[in-house]
Amino acid sequence: MTSDKNDTTDMGEAIDAVDGGRRSIGATIGALLGFAAVSGLSREAQAQSVPIFPTGAGMTDVFWAEDIFALREYSNAAQYQMAVLKGFSSIGDGGEGVFVWDALSTAADNTGIVICPNANKDGNLPGRWIRVVDGDWNVCWFGAKGDGIANNDGAFRTAIDEMAYLAALQAANGRVLYVPPGKYNFAQTLYVDKAITLKGSGGVGAASVFSTWLLFPPGVTGIEIGRVNANSVGNGATIRDVYIEGKKTGVANANAHGIKIRQISLIDNVRVSNFDGNGIDIFGDIVRTQTNTAHSSIQHCQVQSCTMNGIYVDGDDASACLVSHTDVRNCSGWGVYDTSFFGNTYVGLMLHTNAAGAYRVDGTSNRSLLLGCYSEADQPTSNFFDSLAMAIGGLHAAGVVGWQQSRGELSSHLVNSVNTVVLHDANGNAYNASEGWAGLGSPHLMSMKGADDVQPYSMEYHSRYTNSPAYMGWYAWKWAGSNSHVAFAIGGTQAGDAFVGRAWVPFGMYFGVNARLLVSSTATKSGLPTNPIRGNVYFSNNASATGDDHGVAFWQCVAEAVGATPAKYLPVKHSVYATASSLPRKAQVGDVVLNAAPGLTSGSSHVAQWHCVQSGDGVSTVARWRAVKLEDGDIVGIV
């Protein structure tokens, strides 16, 4: 800890001597020569005018200091004289840098940016060494040591407080706190309660001497992002490129999470392991705890070997988060456990060997989405419980069960060049390609909950055929879980299917801006509604009856009921095909028969249709018909 006050050199030598450190000093000194101000002054210094350093005047002599203690011993400097610090406590330990003398400053010593000489501490005399900051801040400036031995609680705390304050004040440098490779020990939780970025070297890749490790003892949370008090602001904090490792005991501890998130955060390229709590614990509730984690993001991370869950999300204000491209493994609880209010989105996750299961989603309002996620079969089945969660794509080898059961799992893919949807049953078993489940009368349920229904609506797929996607079955939209309540069905392409490419709406369909109704199953004329809307159509299922119902295809309301006057219906009857020689002997007035051979030159020539003008029972009386003739589309005669 010695220095030579007479050890001076020119500026070029100073640049060459220090440029081997972790930050480029050359660029900084160049900035000082006429076009940049010193950044990173303490909060008191910010109230003073920060000069742009002129060329010349004190810039030719450089003072060399072996460590921070030697720098504090030197106070007889000329205004703007430069000092080169070789290291915080030893040469090249990351604390090195360039300082300039500000004879007017009375800023507080913070060990990293502002250094007050010992001689000036008494009576708070002016004169301070101010570090030249060019880019990211380095936690080693404040005495942090990545030697796996030193306690780094104080160094990190000071760096975060000073950096965040000055960054907000200057809106310039100081938003990234760089943690060089090494193993940094902590005795307590590291609170990141400022809107900064904590950036290391490494991340989820293979650990090496070039990686940044943050090491925590048993029973404590590693990093907490959030508000420690009313004066702190955690929103916008980012953690990236670090290993965060605890020392788990194997006993679950809700106060020992890897990363505890209580404000909006970004976690990027981080590995979390060996904590007795959750690997990443996210909670947000503005009303109860004044915390809000909505829109947080976790990406390209790895969470492993935690005593509770890998990733846990809870709270009314912990929704709309994105977790992507993350690996979660070997946890004693669930890989991902989401019990937030509205749910979150998970993209491209891989989960395996988690003791409780891969994915768990709780809450009747939780609409979490798993998109392209995977889970290995070496863990229990995922469970969506009573949530409205859905899994699309990916592969869940252990299956997915719960309220969404298959309702939650769809995967669109190509089978024999046919775009299909593959659905899964309550046990996670996939249907066979596009032909549906291999089994007669065994429909799949993809259910959506109806607000007023005891059981949910469902979309069912039925098929009579197996082993070939060419034989499509039919899809039926139903409600209340009853086979008798089919609301809509679309038929397949196989000739033997019931619907053969048709849409079937057995209980009717509204159409048009005035809600005209097509109803499919009114038995007889006597069963028609008494108060229909004009234009409504009611199909008969008793067209073979006699009397008023004989041959009727449907009735259309032509006049609504008014007071005691009943509604009026127009019957539209079935049409059959015949020729003049084969007209039915049995018919009723109004029946219509279309001409089956309009090109004949006999009595059927040019006849479009025949109308029954006199009823006949086919035995004692014979129906009489009148022909309607066409020529070039026009009616030319009624005979």
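The values are calculated or read from the model by the stated rules, or taken from the named source; none is laboratory data. None of the values given here were measured: they were computed from a predicted structure. All Cβ positions, even for glycine, are placed from backbone atoms using ideal geometry, and neighbour counts span all protein chains on display. Quick note on the areas: whole protein, heavy atoms, side chains included, nothing else; ligands and nucleic acids left out. Shrake-Rupley method; radii C 1.70, N 1.55, O 1.52, S 1.80 Å.
What FRET efficiency comes out for the pair ASP378/ALA320, r = Cβ-Cβ distance, R0 = 25 Å, nearest 0.05? Present the calculation step by step, with values, prior to reporting the outcome.
Values: r = 31 Å, r/R0 = 1.25.
The value I calculate is 0.20.
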Could you give the length gained by full extension between ARG157 and VAL613, i.e. 0.36 nm per residue of separation minus their alpha carbon distance, to one decimal place? 154.0 nm
Using 7 Å Cα-to-Cβ label points, what is the LYS568/SER208 separation (nm, one decimal)? 9.2 nm
Neighbour net charge for PRO117 - beta-carbon separation under 11 angstrom, K R +1, D E -1: 0
With all protein chains present and a 1.4 Å probe, how do ASP241, ASP386, ASP285 order by accessible area, largest first? ASP386, ASP241, ASP285
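What's the FRET efficiency of LEU104 with ALA254 using the Cβ-Cβ distance as r and R₀ = 60 Å, to the nearest 0.05? Show your work: numbers first, answer last.
Values: r = 52 Å, r/R0 = 0.86.
Using R0 = 60 Å, I get an efficiency of 0.70.
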Can you order the peptides 615-628, 64-77, 316-329 by their average number of other Cβ atoms within 10 Å per residue, highest first? 316-329, 64-77, 615-628
Convex hull volume per residue in cubic angstrom - Cα atoms of region 214-303: 87 Å³
SER526/ILE392 FRET efficiency (R0 60 Å; Cβ-Cβ; nearest 0.05): 0.75
Separation between the SER582 and THR353 pseudo-spin-labels, each 7 Å from Cα along Cα→Cβ, expressed in nm? 7.8 nm
In whole angstrom, the spacing between the Cα centers of region 249-264 and region 125-141 equals 34 Å
